[in-house]
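The values are calculated or read from the model by the stated rules, or taken from the named source; none is laboratory data. The structure displayed is predicted, hence computed values, not measured ones. Reconstructed Cβ throughout: ideal geometry from the backbone, glycine too, with neighbour counts over all protein chains shown.
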Amino acid sequence: MKNQMARITAFLIAFLIVMSAEVMTVVASPAVDGYCEDWSGIPETMITYGSHNTGGTIYEYHGGSMLVSDGYVYVHVRMSDLYQQQIPVDELILTINGVSKSFIIRKRNADNTINWDEEVYALPGGISSDLGVFFRDGASVALGEAVVKIAEASPNDCFEFRMKISELAPLYGMDEASIENGATLQFYSPNIGPEKVTVVGSSTGTYIGIALCFAVVLAALYGQKRRKQAYS
């Protein structure tokens, strides 16, 4: 019995370590810097476009990823190597639990307000980091940072941005906790492709599961200690 309890305890502790590592992996936040290296381990949705995707064969496609972490919604889109135009920065639609809002990427001023004097439809090659993501219908203050990379050697542009959940919550008529914990979020842009990138907010279920594991391990250890005391 003693050996069996020790094996059970060891198994629960190992399971707890694995689950904790999984949570740490899920909530890791990418840097919004235009290099897009942090997105390599995050699931990507294939976004098809154009006349090359006919007859059931997909010859070219973009890729989109999304993440909810650290109080922000992160979005990343990379364009196909074959796409010959600048990555679109209009009609960026975010849907949260069925409610859709449209956003745009624009230049931003030092005070985080939108800069209408500089256009964004012919950005220079390289990384443009003086950008923000704005609510399309009337908002003048950025909801978060945006970065666009215009590839110079080959047409393979990308953008990444993040928006504060505390800013999104009143816009969508929701509370922050409901967006962060279990809400279904979808990103889509008709100018990029028809597919929607979907992610579910970091559910508290994982953390509850870990807490329960802690409780089980502690209960097992306590029970084992009580039995030792009873037989001593």
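If S69 meets every condition in (1) over 15 Å from the mean Cα position of the chain (by Cα); (2) of a type outside the set (D, E, K, R); (3) at pLDDT below 95 apart from one, which number is that one?
Failed condition: (1).
Would you confirm, using the coordinates I've provided, whether I192 is modelled with pLDDT of 90 or more and over 18 Å from I96 (Cα atoms)?
So I192 fits the description; yes.
Determine whether R106 is surrounded by 15 or more Cβ atoms within 10 Å (Cβ to Cβ) and either over 20 Å from Y35 (Cα atoms) or modelled with pLDDT of 95 or more (or both). Write out each step before concluding.
Values: surrounded by 15 or more Cβ atoms within 10 Å (Cβ to Cβ): yes; either over 20 Å from Y35 (Cα atoms) or modelled with pLDDT of 95 or more (or both): yes.
When the stated conditions are applied, R106 passes them.
With the structure loaded, tell me whether L92 is at pLDDT below 90 and of a type in the set (A, V, I, L, M) or whether it fails that test.
Here the answer is no, as L92 does not meet what is asked.
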